[in-house]
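The next block holds one structure in the form of C-alpha cells; read it before the comments.
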Amino acid sequence: MRFLLADPPHKIWTILRAWTPSPGCLQLSAYLEREQFDIEYMDCTLNENPWGDLEDKIRREKPDVVGISVICTAFVYDGMNAANLIKAANPKTIVIMGGEHPSFMAEETLRDCPAIDYICVGEGEVTLTGFLRAIEKKEDLSKVLGLAYLNEKGEFVYTGDRPFIEDLDTLPMPAYHLAKMDHPFVTLPSEGKRGLVVNFSRGCLWDCTFCSESAFYKKTWRRRSPKLIADELQLLKEKYNRDIFYVGDNTFNVKREQGIGFIEEMLKRKTNQHFWLQSRADLVIRDEDLLDGFREAGVYQFMMGLEYHSDSVLKDIKKHQTVEQAVKAMELLKKHKLMVMATLLIGHWDETEKDRNAFFNFFGKYVDHFGLNLITPLPGTPLFYRMKKLGRIKDWDYRNYDYLHAVMSAKEVEDLEQLNLIYRDIMRRYYWRPGEMLKMFSSNPILRHHHRYYITKVAFNIMMHEVFGTPIWVQPNYQEYKDYLVEKGERLPTELMALAK
Ligand code: B12
Ligand code: SF4
C-alpha cells in the first residue's frame, strides 16, 4: 500500500507570506508512519512546477491512495483540481480529502468534484489509518467511522462521527523529517528566516459565531503537554535551526497550567527561542501574574482576537468578552513589555462609516500589529448558517473566503467591491501613519524587522497595485491550474472550468 499525502498547490498567505509545512499534515504523516504505512508527504507549494510535478509523480509512482489536505476554505478548489489531476494521471489511485471545509461541506464537495472518492470528516489520524487498513484488506468501508462518500447509486453516505483522540500526548512527534525543512522558501519572512508555524493544541472552549476551529472541534480543547512541546521545540532548534515561531494554537493558555508548564519547560531548556502566541483578552487578564514568565520564556507577542470596539458587536458574534477587557489586556501586555497583535473584524451588517472611523482610532492607539479581517461566513460556522438563511451571502466563490475579501454586504454598503475598498483604505490609513513608520526604527528588533518587512514589502506592493495596477504578490512558483492545462494544450470540461482558476 503506497500512500501519498499532498498539500495541493495553493497560494500561500499573501499578507505575511508565511511559507511553512502544514502542521496538520506533519502530524498525520507521523501517525501513519508509526502505523507502518509506506507514506510520503508532498508539499506542492514548494515545487518549482507544482501541478506538473504532482502529475509526474502520480504517473511515475502510481500510489494506491492519495490524501489531499484542505486546511482553508479558500483552498478547496485547489484540492479539487489536484483530485482531478490525480485521477486523470492514474484513474486507479483512490483519492481521499480531509480538512475543515470538506468535513463541513462533505456532500457538496463530493458532488462538485467526482474525482474525490472519499472525505475524512473530522480529525484525521485514526480515520485515515482505519480507511487505509480497510482498503488494504478489502474490508467494508461503511464500517470506518468518519468517512463520507457517494455510493453506487450516487447517494451520500456518512458513516458517523469518530470520537476525538482523547490524549494528544499519545501522538508521535510531527514528521519534520518528511518535510523539506531546508528548502529556502520555508520561512516566516515577517518574523525572520528561522521562523516556522507550529501547532500544539486542537480546538477552543468558546464558540464565537464566525470561528470554524471551535465548530470543527465541537467546542472542545485538547493540548500536548508542555514537556512534549518543549521536546519538539528543542528538536526544531537543534536539528533544523528554527528559533522563532508563530504558534498556531488558537488559544494557547485555555488552562493556566498550560502556560505555567510552558514557561517552566522553556526556562529549563534555555533554547533561546521566540514565540508569538494567541490568546483571549480575558485569559491574558487572568494570567497577568504569568506575563513576565512568558516573556522570560521567549514569548514576544500575544495575538488576541479583539475583533471590534463595541460591546454590541462583540455580543452579536458571541465573543464573551468586553471592550473594557480588551483595553485592560492590551495595557497589561504593554506593561509587561510584550507586543500586542490584535485580529480585528470589520464589515458587520449594521456598521456605519462613523463606526469604522471610531474603530480605526480606537485600535490605532494600542496595537503594535494589526490583523485586519473582513467578517467571513466560513462554511460550518453558526455565522454561515445564519447569514445563508438571511440571504446576506453574495459571493459563493470559496476562493474569496480568506478574510481578505468581502463576501457579504453590509446594510449601508451593498456593493462588495465597495467594502473591499473600505477594507484596503483602513489598511492604508493604518500603516502609512507616521507612528507606524517610526516603528521601522524601533529599538525592539522584532518589531523593527516586522515593520520594515511589512511596510517595504507588503504595504508598498499593495500601494503600487492600487496606484499603478502592478500585480499583488504571489509566490513566484505559483501557477493557476487552468494555466497549467493551457500550457499542456488541454481544456477542462465546462462544468469543471469554474473550479479551475
Ligand atoms: C498552519 C496554518 C496556516 C499556514 C498554512 C501552511 C500550509 N502549508 O498550508 C499559513 C500560515 C500559510 C496559513 C495561511 C492562512 N490561513 Co491558516 N492556519 C494554520 C493553522 C494555524 C494551523 C493548521 C493546522 O495544521 N492545524 C492543526 C491540525 C491538527 O489540524 P487540521 O489542519 O485541521 O488537520 C486535521 C484534520 O483537519 C484532518 N485533515 C487535514 N488534512 C487532511 C487530509 C487527509 C487526507 C485526511 C484524511 C485528514 C486531514 O486531520 C488533521 C489531523 O487530525 C490554523 C489554525 C489552527 N489552529 O488549526 C489556521 C487556519 C487553518 N488558517 C485559516 C486561514 C483563514 C488562513 C488564511 C486564509 C489567512 C487568514 N486570513 O488568516 C491564510 C491562507 C492564505 C491564502 N492563500 O490566501 C483558518 C481557516 C478557516 C477556514 N475554514 O477557512 C484557520 C483554521 C485559522 C482560523 N481559525 O481562522 N495558515
Ligand atoms: S476564542 Fe478564538 S478560537 Fe475560540 S471560539 Fe473564539 S475565535 Fe475561535
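Tabulated data for the structure shown
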| read-out | value |
| --- | --- |
| Residue among MET330, MET341 that is within 16 Å of ligand 1 (Cβ to nearest atom) and of a type outside the set (Val, Ile, Thr) | MET341 |
| Members of segment 233-247 that are part of a loop (DSSP other than H, G, I, E, B), of a type outside the set (Lys, Arg) and surrounded by 17 or more Cβ atoms within 10 Å (Cβ to Cβ) | ASP243 |
| Those residues of segment 357-390 which are at pLDDT 95 or above and not in a helix (DSSP H, G or I), in sequence order | ASN373, LEU374, ILE375, THR376, PRO377, LEU378, PRO379, GLY380, THR381 |
| Members of segment 270-307 that are over 21 Å from ASN444 (Cα atoms), in contact with a Phe, Trp or Tyr (Cβ under 8 Å, 6 or more places away or on another chain), part of a strand (DSSP E or B) and not small (Gly, Ala, Ser) | LEU306 |
| Criterion violated by SER442 - all others in (1) loosely packed, with under 15 Cβ neighbours inside 10 Å; (2) at pLDDT 90 or above satisfied | (1) |
| Test result for GLU213, charged (D, E, K, R) and more than 13 Å from ligand 1 (Cβ to nearest atom) | no |
| Residue match in segment 482-501 (condition: without any contact (Cβ under 8 Å) to a residue 60 or more places away in the chain and within 23 Å of the chain's Cα centre (by Cα)) | no |
| Positions within segment 197-206 being touching a helix residue (DSSP H, G or I) at 6+ places or on another chain (Cβ under 7 Å) and either near ligand 2 (Cβ under 9 Å from one of its atoms) or at positive phi (or both), in sequence order | GLY203, CYS204, TRP206 |
| Positions within segment 288-319 being polar (S, T, N, Q) and either at positive phi or within 16 Å of ligand 1 (Cβ to nearest atom) (or both), in sequence order | GLN301 |
| Residues being more than 16 Å from ligand 2 (Cβ to nearest atom) and either hydroxyl-bearing (Ser, Thr, Tyr) or at positive phi (or both) - total across segment 354-384 | 1 |
| LYS337 being surrounded by fewer than 20 Cβ atoms within 10 Å (Cβ to Cβ) and outside any strand (DSSP E or B) | yes |
| Filtered residues of segment 370-394 (kept if in contact (Cβ under 8 Å) with a residue 12 or more places away in the chain and either farther than 30 Å from TYR246 by Cα or over 18 Å from the mean Cα position of the chain (by Cα) (or both)) | PRO382, LEU383, ARG386, MET387, ARG392, ILE393, LYS394 |
| Residues of segment 1-14 that turn out to be within 7 Å of ligand 1 (Cβ to nearest atom) and in contact with a helix residue (DSSP H, G or I) (Cβ under 9 Å, 6 or more places away or on another chain), as a count | 6 |
| Selected residue (criterion: nearest to ligand 2 (Cβ to nearest atom)) from residues of segment 207-218 that are closer than 18 Å to LYS315 by Cα and surrounded by fewer than 20 Cβ atoms within 10 Å (Cβ to Cβ) | ASP207 |
| Looking only at segment 1-34, and only at residues there that are within 18 Å of the chain's Cα centre (by Cα) and of a type in the set (D, E, K, R), the one that is surrounded by the fewest Cβ atoms within 10 Å (Cβ to Cβ) | LYS11 |
| Condition met for LYS180 (within 23 Å of THR73 (Cβ to Cβ), assigned to a loop (DSSP other than H, G, I, E, B), of a type outside the set (Gly, Ala, Ser) and more than 10 Å from ligand 2 (Cβ to nearest atom)) | no |
| Among (1) closer than 26 Å to VAL340 by Cβ; (2) in contact (Cβ under 8 Å) with a residue 60 or more places away in the chain - the single one LEU277 does not satisfy | (2) |
| Criterion: of a type in the set (Val, Ile, Thr) and within 20 Å of the chain's Cα centre (by Cα) - qualifying residue of VAL323, VAL407, VAL327 | VAL407 |
| Long-range neighbours under 6 Å by Cβ, at least six apart or interchain, first residue surrounded by fewer than 19 Cβ atoms within 10 Å (Cβ to Cβ) within segment 167-196, second part of a strand (DSSP E or B) and modelled with pLDDT of 95 or more | LEU168/ARG222; GLY192/ILE244; ARG194/ILE244 |
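Yes/no matrix, rows are residues, columns are (1) in a helix (DSSP H, G or I); (2) in contact with a His (Cβ under 7 Å, 6 or more places away or on another chain); (3) more than 9 Å from ligand 1 (Cβ to nearest atom); (4) under 22 Å from HIS183 (Cβ atoms):
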position	(1), (2), (3), (4)
ILE39	no, no, yes, yes
ILE58	yes, no, yes, yes
GLY67	no, no, no, yes
ALA88	yes, no, yes, no
HIS101	yes, no, no, no
GLY122	no, no, no, no
PHE131	yes, no, no, no
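The values are calculated or read from the model by the stated rules, or taken from the named source; none is laboratory data. Quick caveat, the model's predicted, so the values are computed rather than measured. With ideal geometry, Cβ positions are generated from the backbone for all residues, glycine too; neighbour counts draw on all protein chains shown.
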